[in-house]
1. Could you check, for the range B:168-189, whether at least one of its residues is surrounded by fewer than 18 Cβ atoms within 10 Å (Cβ to Cβ), of a type outside the set (S, T, N, Q) and not assigned by TED's automatic domain parsing to the domain that holds B:HIS95?
2. Which condition number in (1) in contact with a strand residue (DSSP E or B) (Cβ under 7 Å, 6 or more places away or on another chain); (2) buried (at least 22 other Cβ atoms within 10 Å of the Cβ); (3) not in a strand (DSSP E or B) is the one that A:LEU371 fails?
3. Using the structure shown, decide if A:ASP409 is crowded, with 21+ Cβ neighbours inside 10 Å, farther than 20 Å from A:ALA315 by Cα, at pLDDT 85 or above and charged (D, E, K, R).
4. Can you tell me which residue in the range B:200-238 is surrounded by the most Cβ atoms within 10 Å (Cβ to Cβ), limited to those that are in a strand (DSSP E or B) and not aliphatic (A, V, I, L, M)?
5. A:PHE366 - would you say it is more than 22 Å from A:VAL392 (Cα to Cα) and surrounded by 15 or more Cβ atoms within 10 Å (Cβ to Cβ)?
6. Considering only strands (runs of 3 or more DSSP E) fully contained in the range A:95-167, which possess at least 3 residues that are under 22 Å from B:GLY133 (Cα atoms)?
7. What number goes with the only condition from (1) touching a residue at least 60 places away in the same chain (Cβ under 8 Å); (2) touching an Asp or Glu at 6+ places or on another chain (Cβ under 7 Å) that A:LEU376 does not pass?
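The values are calculated or read from the model by the stated rules, or taken from the named source; none is laboratory data. Since this is a predicted model, take the numbers as computed values, not measurements. Positions of Cβ are backbone-derived with ideal geometry, glycine not excepted, and every protein chain shown enters the neighbour counts.
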Amino acid sequence: MSRFIRIPLTARVALVVAGLMVLLGIAASQQILTILGRVQTERVRELATAHVEALSVALGPLVLRNDVWEVYDTLERAASVSEKGRIAFTAVSDASGQVLAATDPRRAPVGSPFEALAMTAQTLDALSLSGSQSILQLKAPLVFQGRLVGQITSELNVGDLLAERARVSFLLVFWNAIATAGLALVGLFATRRIMAPITLLAERMGRSAEAPEPIPAEELPPSQTEFGRLAATYNAMAAAVREKAEAERRLAARERFVSLGRLSSSLAHEINNPLGGLLNATDTIRNYADNPQVVRRSAELLERGLKHLRDVVRATLEQNRIDRSGVSASLADFEDLHLLVGPEVRRRAQNLVWDIQIAPQDVAPFPASQLRQILLNLLLNASAAAGENGDVGLCVASATEGLRVVVSDSGPGLSADARQRLLSSQPVPPGGGVGLRLVHDLVQDLNGQIHLSEGEVANQIEILFPSTARDEG
Amino acid sequence: MDQSRRDVVALLAATSAALSWPGKGRTTPSFRLGLTPVFLDNDANLLEQLGRALAEASGFPVEFEQRRTYEEVTGLLLQGSVDVAWLCGYPYLQHQDTLSLLAVPVWRGQPRYQSYLIVGAEDSATALSDLAGSVHAFSDPDSNSGYLMTVSDLIRAGQVPGSFFDRSIFTYGHRNVVRAVASGLVRSGSVDGYVWEVLSTVDPALTRRTKVIAKSEWVGFPPFCARKDRIQEARIRSFQKALFSLGRLPAGRQVLDLLEFDSLTSGEPQLFDGIAARMSDLDALR
């Protein structure tokens, strides 16, 4: 069955047509042969009846007076005029069951027992042409003037009828085979022609794994047909899929800016807070310009504040640099992350556990941009989930097969939708952000694996990046 | 000629039919000749030629009256339904006191013929005594060659004719006897030697399936007879002359050739002495 399913649909239809034709041919042939057999049997029965009736009329008085010669002479003349030598043999007995005469006296000598001749003979009523023997033997009572005066047995040569039946059988099989083969071929071509739009559709669908390719206008079947409508629907669907994919792509690209936007207020605080101190320092310098100790201390304060501002600005710039896709990750990226996440964590008075147990070479195989985006998204998510006074943690460690990153929080855990976004490639359900889906796609690009674990104390998202990620990615 | 000869022994030997020969003048009553297919197959072609030749030779139309058996034809002759009949020597002798000889055919130089005892070509029998308990075919109970000869032979051999054969049948035709033996319907048959010889030339395929195992003495050929009391009638005289003169007329010659006769002659009753002797053997048994 499975082998049959592997056969192309067009050939399957042709095979089914051929099979049905064979069945039809067998049924029709059987019917024809049955009718032919019935007609032939009827014909033989009529012939045999006429033969017996004629002989009864002619032989009755002769048998009654045991006139051997006249019986023989009559039989011989009857046989000589029988249709195409149809009557092969006839024997007649008297009332006592002794042969009076036969067309072949040597086979049925005068006076021999009649019953021995007619043992296998059929009666007229039961005469049937169903066997394969070319000689049909029948027997009938010889009645004259209402009296049973003897019996007749005749052998009918039905070889020509059997040959005719065999010939009809052969012709039926022969022409049925030709008709079946011809119709199967026609079925194959017709099916291929009918199925051409479907084949085209399947080809188009299979050509691109990411998004179905629309059928060009010049290849579209006429629009009023079912296939035309199917093709139009397919094209509309393909266009929708492409648009959706494009929208998702644009959304993902924008996500980086979205996450940055979420940081903007806390970054403003981060810049604003030291600004007061720095302005105080400049006032102090202006007011105590003659006190070198105060100026020095103020300058140091000013330097520290400006350095902090510089770091914040650099980290922000770094996060949004466009041409850094080829840059390898370094320990500084984790410091940047700490700096970027810090304001969110502080704003919510959260406890941040920052555990980076790696050497620079451990992160070198990974692209900085993707790694930073992944971790930033997860950390901002964790911070949002942990709520006020919650716990947020990042643990990065070297593993035997690559880099192991665990982001933890004390929040309620991921919702089902969020899980789907993070773990599967299925279409994103309507509503909700695309941050987690972006994480999923980026991890997949790096051949990483994401595991979730929800404990009583903390929820953990663990990501394993294989060290070959860069080569393959 | 061969075709015509073949016609002599054509089929339909068993039917009893009347065939009339339309003469020149319908006003003249026909002269009636009785025939039996025992001796002569009622072949239409032969009868037509014979009728035409006899009419030409006698000057009046001749009508054939055919019956199946000698007994019937003899009866017709005795009661006057026919003027002349072509009989066998045996019925002639049976009614010798009433009948007169009119003419006797001359075959192979003499007005005599023989009776043959025949069996199938493959049969091992060589004499009548070998045929005890078998089925035998006679041609006619009033036929000399087709009955009397064999029955009297059995009597002479001390056998009882009624029980020597297991069964005997009558075919009412010498040709039928040959057919019965050839087909195996019967083992043996009593047949007119003249008929068998003619058949051996016109239908050798039939006679080849039989063989002659005994021949009788030569006895008088089946004669044309008329009633004694009418022998002097003019038309019967004229008919007798016509028979004698057949060979001199082209049509008559043709018929004689068909029948393989040399001529017809006036036979003497002594020709049939052999038959008479056998009749007395049979009468002795009765």
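1. No; the residues of the range B:168-189 include none that is surrounded by fewer than 18 Cβ atoms within 10 Å (Cβ to Cβ), of a type outside the set (S, T, N, Q) and not assigned by TED's automatic domain parsing to the domain that holds B:HIS95.
2. For A:LEU371, the failing item is (1).
3. Answer is yes for this residue.
4. B:CYS225
5. So A:PHE366 passes the test.
6. Per the criteria, A:99-102.
7. (2)
Yes or no, residue by residue, for (1) farther than 30 Å from A:LEU200 by Cα; (2) of a type outside the set (A, V, I, L, M):
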position: A:LEU15; (1), (2): no, no
position: A:GLN30; (1), (2): yes, yes
position: A:ILE35; (1), (2): yes, no
position: A:GLU42; (1), (2): yes, yes
position: A:SER56; (1), (2): yes, yes
position: A:LEU62; (1), (2): yes, no
position: A:VAL81; (1), (2): yes, no
position: A:ARG86; (1), (2): yes, yes
